[in-house]
Amino acid sequence: MKLHKRRKSSRYHGRGMGSNGHGSRKNWRKSGHRGGIGMSGTGKRADHLKTLVLKLYGNNYFGKQGVTSRRTQRDTRQRINIKDIELHIEKYGKRSNAGYVVNLQDYKILGEGEVKNKIFVKCFEVSESARKKIEKAGGSIEVAQKKEIITPVISNPKHERKAAKKE
């Protein structure tokens, strides 16, 4: 006995716009629901290509990363605590007869931790607590000269009028 199998097009009759089970006709063209070619359709609400995006661009692709205003300058100074210098004294300093000579010209030295060795430090800046602890242990600190930046004073006439009214 021979089985009669209907054609696919006749089996899908009446299943939504005559689209053979693909929703509206536009959904079965080229890339389907994805939206196009490239990175289109990867927005934060559409999960299409999400795994690809996370793999290629990491977890910082979606969402806000934060903005600082143009006038706000980030503090880019490097900092190091005394305890870190003590822990890795061989890495940062050279042994001499008097103690250790440590050259950290780009760093600010902070005062967390204790000083056991005599250390002679060259640095960019130093906190008061760090200075006291190093000098108490018999060491010394040489701070690099800071370049003074002269900022022009911009007068604000509106502010000056308010100040004159108060007087």
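Brief remarks on what is shown
- Cα gyration tensor of segment 78-143 - equivalent ellipsoid semi-axes, whole Å, descending: 15, 13, 11
- Each of L52, L104 was scored by other Cβ atoms within 10 Å of its Cβ. Arranged with the fewest first, they read L52, L104.
- Each label was represented as a point 7 Å from its Cα along the Cα-to-Cβ direction; for K8 and L52 these points are 2.3 nm apart.
- V101 versus N60: modelled label distance in nm, points set 7 Å from Cα along the beta carbon direction: 3.9
- Point-to-point label distance, E112-K132, nm (Cα→Cβ direction, 7 Å offset): 1.8
- Counting every other Cβ atom within 10 Å of each residue's Cβ, I82, I109 order from fewest to most as I82, I109.
- For R45, R77, order by how many other beta-carbon atoms lie within 10 Å, fewest first: R45, R77
Readers should treat all values here as calculations from the given coordinates under stated rules, not as data from a laboratory. A quick note: this is a predicted structure, and the numbers were derived from the prediction, not measured. Using ideal geometry, Cβ is built from the backbone for each residue, glycine included, and neighbour counts are taken over all protein chains shown.
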